[in-house]
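One structure is given below, encoded as structure tokens.
The values are calculated or read from the model by the stated rules, or taken from the named source; none is laboratory data. Given the structure is predicted, the values throughout are model-derived calculations rather than measurements. For neighbour counting, all protein chains shown are included, and Cβ atoms are generated from backbone atoms with ideal geometry for every residue, glycine included. Keep in mind that these areas ignore ligands, DNA and RNA; they rest on the heavy atoms of the full protein, side chains included. Shrake-Rupley method; radii C 1.70, N 1.55, O 1.52, S 1.80 Å.
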Amino acid sequence: MLKNPLKLDSELLKLVVNQAVFNQTLVSKIPEWQDAQYLIAPPKISLEQCSSQITAEYKASKVNGNIGLDMTGGLGVDSYFFSKKFKNFFHNEINLNLSKIVKYNFEKLGIENVKFGIIKAEQYDFSGPIDFIYLDPARRDNANRKMVGLKDCLPNLLDIKEKLLLNAEIVMVKYSPMLDIKDSLSLLRHVNEVIVLAEKNEVKELVFILKKDLESDPIINCINLGSGQSEFCFRYSEENELNIAFKDPQGFLYEPNATIMKAGGFKSVSTGFNINKIASNSHLYSSEVCILDFPGRVFEIEVICDFDKKNIKKLLETDKANVAVRNFPYSPDEIKKQLGLKDGGDKYIFFTENQKKKKMVLICNKIQNT
């Protein structure tokens with residue numbers, strides 16, 4: 001008996017739509033694949049969770065060697081770029097259909113040094129030492145809900161960490177940007193470097209690089225890809241020991257990019273760029289001389305005034321402005337409503353407090369984007 005033709009048409013339509021979305025997404029997310037012929041689209045969730053080309057290339061720049069392994073291969077974007085840095089590479093993915101799709105796509109992409117496996121990470125049997133292992137643990141439970149904690153991800157790195165470090169020189173693991181960095185360091189203990197990885201000021205990944213030796217004070221590397229900004233590095237030991245002075249804003253205002261905010265390098269960025277923090281909880285900085293290579297947004301302060309609605313409206317001379325609050329009792333929407341402002345325009349207004357809890361309004365012109 002023939003199957004219901006309407007059901008077949010519906011299933012076929014889903015495949016066609018999924019393939020079209022995949023082809024379109026490649027243009028922005030994995031441009032190196034966009035001109036390849038006849039690539040097969042993976043399930044939607046695999047495309048959503050995979051690394052972008054720019055983040056995969058950065059991670060691949062950190063390693064090289066003879067043998068590498070992606071233990072949770074997924075769509076294979078990371079494996080593809082890692083494979084360029086190793087003589088032999090292995091893509092391991094427990095979903096058989098996805099593994100077959102990746103193998104087929106790699107053939108179309110001309111990748112010849114990658115072999116494929118479908119073994120659970122917990123059961124992986126190493127035939128000998130290798131140079132590098134990469135993991136991107138699944139961050140969803142059986143109900144497809146997003147999970148954040150180390151112990152909630154599969155595989156649980158804490159259960160297999162010793163085994164991996166016994167067999168590999170370097171272990172790199174990608175986690176959600178929602179993860180608490182300091183808590184994770186206390187659990188993992190072997191972390192040599194943490195990479196807070198953003199694209200155009202949106203943190204996309206937390207990457208932990210583990211090595212055999214115990215490390216209590218890893219380097220924290222803040223990377224804002226696609227921004228033109230240089231990386232910013234610090235250590236929590238240095239951050240904790242720094243004593244900085246607080247000073248009311250001067251000629252130029254600085255707002256750290258999202259990677260520094262996530263990592264918590266608030267005192268380190270102050271001393272590193274010789275700029276003054278306005279208040280302990282504001283995370284805004286200023287200086288008399290403009291520092292254009294600051295890793296974040298840079299503004300020239302036009303006016304500093306008290307929080308007086310009539311005076312602010314008079315000084316603005318426009319009903320459009322970009323409003324931001326830092327350590328202030330009102331939200332941006334509340335302030336815009338009070339001042340009758342619309343989003344947009346050339347003016348940037350920061351509502352904040354100084355170290356003495358005095359409310360301050362900074363009307364600025366933007367010099368640099370993230």
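When every residue of segment 317-324 is checked against the conditions, at least one turns out to be at pLDDT 95 or above and either over 30 Å from G226 (Cβ atoms) or among the β-branched types (V, I, T) (or both).
The conditions of being open to solvent by less than 40 Å² (accessible area, probe 1.4 Å), within 30 Å of A168 (Cβ to Cβ), β-branched (V, I, T) and not in a strand (DSSP E or B) are not met by T25.
Could you please let me know if G68 is of a type in the set (G, A, S), open to solvent by less than 10 Å² (accessible area, probe 1.4 Å) and either outside any helix (DSSP H, G or I) or more than 21 Å from I195 (Cβ to Cβ) (or both)? In short, yes.
If you go through segment 235-251 and keep only what is open to solvent by 70 Å² or more (accessible area, probe 1.4 Å), of a type outside the set (D, E) and not in a loop (DSSP other than H, G, I, E, B), you end up with R235, N240, F246. Checking the stated criteria, L197 turns out to be of a type in the set (A, V, I, L, M), closer than 22 Å to S51 by Cβ, buried (at least 16 other Cβ atoms within 10 Å of the Cβ) and in contact with a strand residue (DSSP E or B) (Cβ under 7 Å, 6 or more places away or on another chain). If you go through segment 27-63 and keep only what is more than 18 Å from E93 (Cβ to Cβ) and more than 22 Å from the chain's Cα centre (by Cα), you end up with Q34, D35, A36, Q37, Y38.
For segment 40-72, a residue qualifies if it is in contact (Cβ under 8 Å) with a residue 40 or more places away in the chain and either in contact with a Ser or Thr (Cβ under 6 Å, 6 or more places away or on another chain) or charged (D, E, K, R) (or both), and the qualifying residues are K59, K62, D70.
Residues that are of a type in the set (K, R) and open to solvent by 70 Å² or more (accessible area, probe 1.4 Å) were ranked within segment 109-139; the one that is modelled with the highest pLDDT is K115. Scanning segment 166-175 for residues that are out of contact with any Gly (no Cβ under 9 Å at 6 or more places or on another chain) and surrounded by fewer than 17 Cβ atoms within 10 Å (Cβ to Cβ) gives a single hit, L166.
Does P218 fit the bill of being closer than 30 Å to H190 by Cα and in contact with a Pro (Cβ under 9 Å, 6 or more places away or on another chain)? In short, no. Looking at segment 87-108, which of its residues are assigned to a strand (DSSP E or B) and open to solvent by less than 10 Å² (accessible area, probe 1.4 Å)? Correct list: F89, H91, N92. Considered as a group, the residues in segment 271-296 that are touching a Leu at 6+ places or on another chain (Cβ under 8 Å) and not hydrophobic (A, V, I, L, M, F, W, C) include one that is farthest from Q229 (Cα to Cα), and that residue is K277.
Each residue in segment 35-60 was checked for being open to solvent by 70 Å² or more (accessible area, probe 1.4 Å), assigned to a loop (DSSP other than H, G, I, E, B) and at pLDDT 95 or above, and 0 of them qualify.
Scanning segment 241-251 for residues that are of a type outside the set (A, V, I, L, M) and closer than 30 Å to K359 by Cβ gives N243, F246, K247, D248, P249, Q250, G251.
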